[in-house]
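One structure is given below, encoded as structure tokens.
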Amino acid sequence: MKKIYGLLGETLSYSISDSIHEIIMKENNISGIYNMFEVKKENLEKGLEGFKAIGVRGVNVTIPYKQEVMKYLDDISQEAKEIGAVNTIVFDEGKPYGHNTDYFGFKMNLQKANIEIRNKSFVILGSGGAAKAVIKCLKDFNARDIVITARNKEKAQDFFKDLEVIAYENLKDIKSNYCIINTTPCGTYPDVESSVVGEDVVSMFENTVDLIYNPKETKFLSYGKKHEINHINGLYMLVGQAIKAQEIWNNIKIDESSAERIYKQVEKLI
Ligand code: NAP
């Protein structure tokens with residue numbers, strides 16, 4: 001029987017995760033089906049019970065459940081605990097275990113763009129769930145310094161106690177200029193004309209990363225392109241986190257050359 005996988009979220013019409021997983025499963029001879037599971041907030045617990053009852057093997061978790069889902073899980077991986085968010089669940093003999101594969105996808109995204117971490121300095125725009133995975137990865141791979149920019153400085157500082165948190169208006173005074181990363185949703189559909197920072201800020205950096213992949217080139221990335229700065233969107237991260245989820249669900253290792261092939265096919269979907 002085909003194994004059942006899927007995406008758990010509230011509104012999923014925008015998602016291309018089903019197509020990505022179909023490509024990964026085909027590439028790796030995995031027999032399974034990947035469904036979209038739109039679940040209303042008040043039905044989250046029942047939804048998880050339903051997955052157990054019908055023998056779902058694994059789900060990805062997206063907005064707005066990456067944090068809320070944690071209280072319903074039997075165990076959570078160390079990195080997901082430290083990040084404070086779960087984006088992948090595997091059901092082992094009916095028991096749900098949480099992981100965070102955004103962390104791995106982000107690492108792959110930087111590798112794809114030849115962006116180093118060790119001893120480099122990073123400015124992160126936003127302090128939500130994705131920022132937490134990004135920051136954990138940068139810390140684990142020994143970034144020299146990480147500065148967070150947040151609308152609500154107090155809230156961000158409360159979570160990231162050991163890091164510097166600044167307001168958007170102070171970005172112009174920043175001294176570290178290796179890489180700037182947008183982890184806010186500003187610039188994604190339908191708000192494609194917005195960018196969380198202006199061209200003046202982006203042009204101060206050597207590398208520009210946007211976690212958004214839809215559109216391929218956000219306003220933020222277009223500033224990087226205009227100033228001939230190394231720039232990359234979040235599509236490789238999306239593919240990377242999906243590959244890592246399949247590895248977890250199927251206890252396999254998918255090699256990097258396969259990741260590149262999968263990415264090339266996914267690129268055509270956007
Ligand atoms: P989230 O938890 O809701 O966090 C969003 C963050 O952006 C919060 O810090 C929020 O600040 C900030 N923000 C929102 N609107 C803003 C605005 N107009 N100006 C300044 N800051 C703003 O969402 P998330 O899960 O981190 O996702 C963020 C983005 O990353 C989404 O576009 C998502 O699609 C993308 N993402 C991509 C991948 C990938 O694989 N490529 C993976 C994960 C996420 P407040 O706290 O002040 O509200």
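The values are calculated or read from the model by the stated rules, or taken from the named source; none is laboratory data. Model, not experiment: these values are computed from the prediction. Here the Cβ is made from the backbone with ideal geometry for all residues, glycine too, and neighbour counts use every protein chain on show. Surface accessibility is based on the protein's heavy atoms, side chains included, excluding ligands, DNA and RNA. Shrake-Rupley method; radii C 1.70, N 1.55, O 1.52, S 1.80 Å.
From TYR72, TYR65, TYR97, which residue is open to solvent by less than 20 Å² (accessible area, probe 1.4 Å), of a type in the set (Ser, Thr, Tyr) and in contact with a Leu (Cβ under 7 Å, 6 or more places away or on another chain)? Walk me through how you get there before you give the answer.
On the way: TYR72 fails: open to solvent by less than 20 Å² (accessible area, probe 1.4 Å); TYR97 fails: open to solvent by less than 20 Å² (accessible area, probe 1.4 Å).
Checking each option against the conditions leaves just TYR65.
Which is within 25 Å of GLY105 (Cα to Cα) and within 16 Å of the chain's Cα centre (by Cα), of TYR178, TYR213?
Values: TYR178 fails: within 16 Å of the chain's Cα centre (by Cα).
Sole residue among the options that is within 25 Å of GLY105 (Cα to Cα) and within 16 Å of the chain's Cα centre (by Cα): TYR213.
Suppose we filter the stretch 87-136 for residues that are more than 12 Å from the ligand (Cβ to nearest atom) and either over 15 Å from GLY234 (Cα atoms) or not assigned by TED's automatic domain parsing to the domain that holds ARG151 (or both); how many remain?
The qualifying residues number 20.
Considering GLY105, GLY126, which residue is open to solvent by less than 30 Å² (accessible area, probe 1.4 Å) and on the phi > 0 side of the Ramachandran plot?
Details: GLY105 fails: on the phi > 0 side of the Ramachandran plot.
Matching residue, one of GLY105, GLY126: GLY126.
What are the residues in the stretch 140-163 that are surrounded by 15 or more Cβ atoms within 10 Å (Cβ to Cβ) and away from the ligand (no atom under 16 Å from the Cβ), if any? Talk me through it step by step, then tell me what you get.
So in the stretch 140-163, the residues surrounded by 15 or more Cβ atoms within 10 Å (Cβ to Cβ) come out as 143, 145-150, 153, 156-157, 159-160, 163.
Correct list: ALA143, ASP145.
What are the pairs, 6+ residues apart or on separate chains, where a residue within the stretch 147-172 that is without any contact (Cβ under 8 Å) to a residue 12 or more places away in the chain and farther than 23 Å from LYS120 by Cβ has its Cβ under 9 Å from a residue that is more than 9 Å from the ligand (Cβ to nearest atom) and of a type in the set (A, V, I, L, M)?
GLU154/VAL165
Going through GLY9, GLY55 one at a time, which residue ends up being over 16 Å from ILE243 (Cβ atoms) and open to solvent by less than 20 Å² (accessible area, probe 1.4 Å)? Even if it seems obvious, please write down each step before you answer.
Working: GLY55 fails: open to solvent by less than 20 Å² (accessible area, probe 1.4 Å).
From the options GLY9, GLY55, the qualifying one is GLY9.
Out of (1) modelled with pLDDT of 95 or more; (2) surrounded by fewer than 20 Cβ atoms within 10 Å (Cβ to Cβ), what's the single condition that is false for THR218?
Here THR218 meets the rest and fails (2).
Just checking, does the stretch 34-49 include any residue being of a type in the set (Gly, Ala, Ser) and within 15 Å of the ligand (Cβ to nearest atom)? Explain how you work it out, then say what you get.
Step one: list which residues in the stretch 34-49 are of a type in the set (Gly, Ala, Ser), which gives 47.
With the extra rule that they be within 15 Å of the ligand (Cβ to nearest atom), the set shrinks to none.
Checked the stretch 34-49: no residue is of a type in the set (Gly, Ala, Ser) and within 15 Å of the ligand (Cβ to nearest atom).
Could you say whether any residue in the stretch 12-23 is farther than 17 Å from ILE248 by Cβ, of a type in the set (Phe, Trp, Tyr) and open to solvent by 40 Å² or more (accessible area, probe 1.4 Å)?
So in the stretch 12-23, the residues farther than 17 Å from ILE248 by Cβ come out as 12-16, 18-19, 22-23.
Among the residues that remain, those that are also of a type in the set (Phe, Trp, Tyr) are: 14.
Keeping just the survivors that are open to solvent by 40 Å² or more (accessible area, probe 1.4 Å) gives 14.
For the stretch 12-23, residues farther than 17 Å from ILE248 by Cβ, of a type in the set (Phe, Trp, Tyr) and open to solvent by 40 Å² or more (accessible area, probe 1.4 Å): present.
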